[in-house]
Amino acid sequence: MLFNSLTFVVFFAVVLGLHSLPLPWRAKKLNLLIASYLFYAAWNPPFVLLLWLSTLVDWFVARALHREQRQTWRRGLLMLSIAVNLGILGYFKYGDFLLENWQLLMTAVGIDFRPPPWSIVLPVGISFYTFQTMAYSLDVYLRRAEPSRSFVDFALFVTFFPQLVAGPIVRPTQLIPQFARPRRATSDQLTWGLGLMTLGLFQKVVIADSLLAPAADKVFGAPEGLVFTDAWLGTLAFSGQIFCDFAGYSTTAIGVALCLGFSLPDNFRFPYAAIGFSDFWRRWHISLSTWLRDYLYVPLGGNRKGALRTYANLLTTMLLGGLWHGASWNFVAWGGLHGLYLAAERWLVRRRAGRGSGASPVNRIFLGLLTYVLVNLTWVLFRAQDFPTAWRLLGAMTGIAEGGQAVLPTVNILFVITIIPLMLMTHWWMRDRSLETVVRGAPWWLTATLWAGMLFAIIVTQGAGDAFIYFQF
Amino acid sequence: MATGKESFHARSVPAVPWGRILTLMLCLAVLALATWEYRMRQIGLQADDIGDGRGHWSVERRKLADSGPDAIAIVGASRILFDTNLELFEEKTGMRPVQLALPGTNARPFLEDLAQNRDFSGLVIVGITEVSFFREGLGLYRDALEYYRTESPSQRFGHLVHRFLSRFLAFIDDNYGLITLLERLPVQERSGVSGPYDQVWKLSIAEDDRQTYLWERIETDAFLRDHARHAWDDFRGDPVSREVIDSVIESTRRDIARIRERGGEVVFVRPPSSGPVLTNERLRAPRSRVWDRLLAETGAIGIHFEDDPRMTGLDLPEWSHLTGHDARIFTEAYVDVMIQRVDWIQQRLREH
């Protein structure tokens, strides 16, 4: 079920109504659990079985892990959890990719291997809930946390509908404790939650889908080479589209949870104001980057085993982070490029260590813009459907490719050159602020007017109900 | 008891007068929406226009699946969709066709779908717009069948809610969304680029059963009429190639044979067009190369508007679709011809 659908409006009203009834807390939790399964089943009912499988395996594995003292057995149990979770993920998400590459390899060595077509539907949000449940077993294995004592609480942690299909990827210690005691939003929380939902849906429906997506689609869908301006405008449009799409989802999810009385962590902090790439990853998809840091980068050795090993760990983490996004070499290249950026930045920072204090305001703006431009180059790999398209675009953006055609209508150009600078200025202004502090400081009538404007724009834009980009991951 | 120690931070809520904010916000939003609705009604949008799209099409496709083997289905592009009056059709034959034609879309995959459906042995009326039927691409709603086959419970429910709201609110119309209107502002276009201004705007209104009419404002508003005429310029192009004609006729012949094997029938109907649109169609797909060959090589019955005086001289404000009034005349005429010439219909009429 999409947040930007009429079905969700009805669904959420019913869930909110049930959650407000004077029922025992356990009954309310069961309501939320059933609602979460319905939320997922509304897309494709049979795939609820995958959620159940993941829930049952990690529930029993974590309990056994907690009881078991023998290290070999504990390791075996952890492997079982990882094998089931990654097995499901591998089968549904990477099966086709692996088969395709195996076929290419066989052809390269002269073997004519023709597997039957792999027509498996990708369960929506599978990468998100797989990582979330894996974090639970890993935390129990590493003795960072105890297993939940309530199956309903754990099942709700795996399935909680606001963040089930596109995050934020929540840690067990962030969410399970919230199910322990009765929760109901105060009227202020409810209103603020509705405000966040409006903001998130405005980003998604109005900015991402209606104002920026057409320019990005035209440029990335162009069959021929492009002129310099169109290649850049399409890429800039995509940078805004993917931010507003994904941050819009996260903001809506946070708002939905808050309306029910639950707190989800931030997933974005104005990432296009980042100065450097480590700063970018502290602001972009925070729940994934911290997951990768805690469960991959640090266990690999992090920065504790020398400079070369640190660079290798960064690269490995980002390559796998890229692959997490999708079964395609484009995503691997996208992650790899981010890994290279992070390694290069680390090398530069080490070289400059001890050479004076921070940069001047002008330099900070320059470095921020440079970061944004370099991030845009990675978005080309992320969005292009294949490498030839990516090279064609990068060629046009760097001026290497000559000729090319114009594809963007004037109105799409006007949208991009209006919205992208506004977005960058907003990110820069909000760099060290939070939305809460800005709202606290704004005149109340201005908040009400902007909120009404966003709600009006969402309703009269009548989006086509496009799925969120990150649902496919 | 929770997992480990509690590490979550309760989200802070800004300390502002939320009651006042919510009240003012709701007042402003309702006022703005009421003004917008009023303006849209002034423009000519109607609350009973429930729109069209993949969701509506899927409802009709399911009707066909539920209506038994002897159903009548209409496939084609926008002309047979706008130009057929379903109520009149039912009055004359006692059978209400299921309207499966889709604007800007090639009818072939839908004919093929019916041919491959072993449960279907009814009558298929194929609306022919030559430059749409005889092309390699599938057009605007190429994914309608895929949508129908994979439509999720959420999409089906959302469609019902959308339909319900559309009956009361005129502003719910894909063609009059806020950003769509902004996109259609007349701005200087870049050389060689076609923008949203040049594309097809709102042409029709749709009621239950996908009963679709040409929007009255196309008849009465010279600007909108001229714009619609201008949009058809995009359909200019080279004559349809011999290879495409050969392959389309061959695949159509196979589909017709399959339907006939099960006792069904296929009839081609060519609705009217006029002015430069008709001239362009005659250049790109001359009747002798396309229509006549289609009938000769498939053995199907064809009803061409040029062959019946009742179907000529009708009012086509933008050269491509009949007015709601003349759609009734055209429907009556082509249904009369079918009653005279199509055995499948004659048999059903006798049975009824």
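Please compute how much accessible surface disappears when A pairs with B, both sides summed, using a 1.4 Å probe, and round it to the nearest 100 Å².
Values: alone 22270 and 18350 Å², together 35580 Å².
Rounded to the nearest hundred, the buried surface is 5000 Å².
Averaging Cα coordinates gives a centre for the stretch A:323-383 and one for the stretch B:30-56; these two points are 47 Å apart. Accessible surface for chain A, divided over its residues, is 42 Å² per residue with a 1.4 Å probe.
Every helix of 4 or more DSSP H residues in chain A counts as -39500 (n - 2.57), and over all residues that averages to -21500 deg cm²/dmol at 222 nm. Note the count of lysine pairs whose C-alpha atoms are less than 28 angstrom apart in the protein assembly as shown, limited to pairs 8 or more residues apart or on different chains. Pairs that pass both the separation and distance tests number 9.
Evaluate peptide A:188-200: per residue, the Cβ atoms of other protein chains within 10 Å of its Cβ; return the mean as an integer. Write down the numbers at each step before the final one.
Values: counts 7, 5, 3, 7, 7, 2, 3, 6, 1, 0, 2, 0, 0.
That average works out to 3.
As a fraction of the 1.4 Å probe accessible area of chain B, surface on carbon and sulfur atoms comes out at 52 percent.
Report in % the part of the accessible area of the stretch A:6-184 that belongs to carbon and sulfur, leaving out ligands and nucleic acids; probe 1.4 Å. Please report the intermediate quantities before stating the final value.
Working: 5550 of 8140 Å².
It is 68 percent, rounded to a whole number.
Extension gain for the segment B:D48 to B:D234, taken as residue separation times 0.36 nm less the Cα-Cα distance, is 63.9 nm to one decimal.
When nucleic acids and ligands are ignored and a 1.4 Å probe is applied, A:V10 ends up with an accessible area of around 50 Å².
Counting only C-alpha contacts under 8 Å and six or more residues apart, can you give the relative contact order of the stretch A:6-184 as a whole percent? Mind dumping the intermediate values first?
Working: 153 pairs, mean separation 54.5, N = 179.
Across the stretch A:6-184, relative contact order equals 30 percent.
Please work out whether the stretch A:6-184 counts as rounded, prolate or oblate from its C-alpha gyration tensor, where a ≥ b ≥ c are the square roots of the eigenvalues and a/c under 1.5 means rounded, while otherwise a/b larger than b/c means prolate and anything else oblate? It comes out oblate by the Cα gyration axes.
Its Cα centre serving as origin, the stretch A:189-472 has a Cβ charge dipole (Lys and Arg +1, Asp and Glu -1) of approximately 1280 debye. Structural descriptor for the stretch A:109-172: relative contact order 45 percent, calculated from alpha carbon pairs under 8 angstrom and at least 6 residues apart.
Please give me the summed charge of the neighbours of B:S67: other residues whose Cβ is under 14 Å from its Cβ, Lys and Arg +1, Asp and Glu -1.
Details: positive: B:R61, B:R62, B:K63, B:R96, B:R348; negative: B:E60, B:D66, B:D70, B:E90, B:D119, B:D209.
Every neighbour counted, the sum reads -1.
Between 0 and 90 degrees, the angle of helix B:54-66 with respect to the longest Cα principal axis of chain B falls at about 50 degrees. Considering only alpha-carbon pairs that sit under 8 angstrom and 6 or more positions apart, the relative contact order computed for chain B is 23 percent.
Would you tell me the mean number of C-beta atoms belonging to other protein chains that fall within 10 Å of each C-beta in A:440-448, as a whole number? Please report the intermediate quantities before stating the final value.
Working: counts 5, 2, 2, 1, 7, 6, 1, 8, 13.
Average per residue, whole number: 5.
Angle check, please: helix B:324-341 long axis (alpha carbons) against the longest principal axis of chain B (alpha carbons), in degrees 0 to 90, nearest 10. Helix B:324-341 sits roughly 40 degrees off the main axis of chain B. Legend: translational diffusion of the stretch B:70-146 by Stokes-Einstein, Rh = Kirkwood radius over C-alpha pairs, 10 °C, 1.306 mPa s; D = 124 µm²/s.
In the stretch B:232-326, what trypsin sites (Lys or Arg not before Pro) fall in a loop by DSSP, with at most 16 other Cβ atoms inside 10 Å? Before the final figure, lay out the partial values.
On the way: sites: B:R236, B:R242, B:R253, B:R254, B:R258, B:R260, B:R262, B:R282, B:R284, B:R287, B:R289, B:R293, B:R310; in loops: B:R236, B:R262, B:R287, B:R289.
Sites meeting the loop and neighbour criteria: B:R236, B:R262, B:R287, B:R289.
Neighbours of A:D294, meaning other residues whose beta-carbon lies under 12 angstrom from its beta-carbon, give a summed charge of +2 when Lys and Arg score +1 and Asp and Glu score -1.
How many percent of the accessible area of the stretch A:189-472 is carbon or sulfur, using a 1.4 Å probe?
Details: 7590 of 11310 Å².
About 67 percent, which is the carbon plus sulfur part of the accessible surface.
Solvent exposure of chain B amounts to 45 Å² per residue of accessible area, where only protein heavy atoms count and the probe is 1.4 Å. By how many degrees, between 0 and 90 and to the nearest 10, does the Cα long axis of helix B:222-231 differ from the longest principal axis of chain B? Taking Cα atoms only, the helix is inclined about 70 degrees.
The values are calculated or read from the model by the stated rules, or taken from the named source; none is laboratory data. Source: prediction; values computed, not measured. Cβ: placed from backbone, ideal geometry, glycine included. Neighbour counts: every protein chain shown. Calculation scope for accessible area: heavy atoms of the full protein, side chains included, ligands and nucleic acids excluded. Shrake-Rupley method; radii C 1.70, N 1.55, O 1.52, S 1.80 Å.
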